[in-house]
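One structure is given below, encoded as structure tokens.
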Amino acid sequence: MTYNVLYFGMWGYGAAGLRALLKSANINLVKVYTKWDEHTNDIYMNQVYHLAKDYRLEVVNTSSNVCKKSDFEKKVLSNRHIDFLVSCCFDRIFTDKILEIPRIIAINVHPSILPKYRGVKPLENAIINGKKNTGVTIHELVKELDAGDIILQEGTLEIRPEDTYKELYNRQCKIIEEILLKFFEKPVYYIQNKFQQDLNKISFAPRIKMNFRDEATVQELIDSFNSLKNNE
């Protein structure tokens, strides 16, 4: 069976998710939604856009200056016969109407082992809090941030003091590819076995006012964060 998919993603994580869908034999990528800027100097921002164009996919720019909130909803709702909505590192809110589009389910790929580190910076928070490992979760998309039922998890990312931020990020991207490929091998099976998050184990991953340099090691990032805290 071939599934019609709408994909929403940004940055490196978003590109990893898109690569997985491109490798899946049973996926028809109907449209890709991502933010891009042809004039930016940020080498990471346009990764999803360039990958989608390389494969001649239809891409919708969701940057706020070209796609307002109401326009975004209208553009998504214009799609028909969609089986899955897949989100990975996407910065727009999905309304109830959008979440009702897919005939099967709307899912999100989150770079932590939920319910730990709900929010926008899970890897960064795991690093500065001295965690030894993290992973990736596929969960059902609901209106509350990162709160949907868990469908599939991989907790195989070890965080070592000597690892650089870029190394960890890239390894997590690889897990994102692997877990999405695994999911689409037997999506109905995994959906049927989804389970609720443990509300007693929730933690959050807010933005951190610190520069996470690609070449900085885990230990260097922890030291920098502790130094900032001590100087507050």
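The values are calculated or read from the model by the stated rules, or taken from the named source; none is laboratory data. Being a predicted model, the structure only gives us computed values, none of them experimental. Cβ placement follows ideal geometry from the backbone for every residue including glycine, while neighbour counts extend to all protein chains displayed.
If you go through region 103-133 and pick out every residue that is farther than 9 Å from residue 146 by Cβ, within 12 Å of the chain's Cα centre (by Cα) and not hydrophobic (A, V, I, L, M, F, W, C), you end up with 2.
Pairs meeting the criteria (first residue in region 213-232 and surrounded by fewer than 11 Cβ atoms within 10 Å (Cβ to Cβ), second residue charged (D, E, K, R), beta carbons under 8 Å, at least 6 apart or on different chains) are 215/166. Scanning region 186-232 for residues that are of a type in the set (D, E, K, R), closer than 21 Å to residue 44 by Cα and modelled with pLDDT of 95 or more turns up 207, 213, 214, 215. Select from region 91-106 the residues that are farther than 22 Å from residue 152 by Cα and touching a strand residue (DSSP E or B) at 6+ places or on another chain (Cβ under 9 Å) and write down the one among them that is surrounded by the fewest Cβ atoms within 10 Å (Cβ to Cβ). The residue in question is 92. Are any of the residues in region 90-112 touching a Gly at 6+ places or on another chain (Cβ under 6 Å) and β-branched (Val, Ile, Thr)? Looking through region 90-112, at least one residue is touching a Gly at 6+ places or on another chain (Cβ under 6 Å) and β-branched (Val, Ile, Thr). Of the residues that make up region 132-140, is at least one among the polar types (S, T, N, Q), surrounded by fewer than 21 Cβ atoms within 10 Å (Cβ to Cβ) and in contact (Cβ under 8 Å) with a residue 12 or more places away in the chain? Yes - at least one qualifying residue is present in region 132-140. Given the residues 15, 20, 52, which is the only one that is over 25 Å from residue 119 (Cβ atoms), assigned to a helix (DSSP H, G or I) and at pLDDT 95 or above? Step by step, each of 15, 20, 52 is checked, and only 52 is over 25 Å from residue 119 (Cβ atoms), assigned to a helix (DSSP H, G or I) and at pLDDT 95 or above.
Just checking, how many residues over region 161-183 are touching a strand residue (DSSP E or B) at 6+ places or on another chain (Cβ under 6 Å) and hydrophobic (A, V, I, L, M, F, W, C)? The total comes to 4. Restricting region 140-169 to residues that are more than 22 Å from residue 186 (Cα to Cα) and not in a loop (DSSP other than H, G, I, E, B), the residue that is nearest to the chain's Cα centre (by Cα) is 169.
Among the residues of region 84-97, is there at least one that is part of a helix (DSSP H, G or I) and modelled with pLDDT under 95? No, region 84-97 has no match at all. Considering region 186-212, the residues that are in a helix (DSSP H, G or I) and in contact with a Pro (Cβ under 8 Å, 6 or more places away or on another chain) include one that is surrounded by the most Cβ atoms within 10 Å (Cβ to Cβ), namely 201.
The listed residues are 199, 145, 141, 180, and the only one of them that is of a type in the set (A, V, I, L, M) and over 19 Å from residue 90 (Cα atoms) turns out to be 199.
Across region 170-185, a minimum of one residue is classified as more than 21 Å from residue 12 (Cα to Cα), under 20 Å from the mean Cα position of the chain (by Cα) and either in a loop (DSSP other than H, G, I, E, B) or modelled with pLDDT of 95 or more (or both). Residues in region 171-201 that are aliphatic (A, V, I, L, M) and either farther than 19 Å from residue 1 by Cα or touching a helix residue (DSSP H, G or I) at 6+ places or on another chain (Cβ under 7 Å) (or both): 175, 176, 179, 180, 181, 199.
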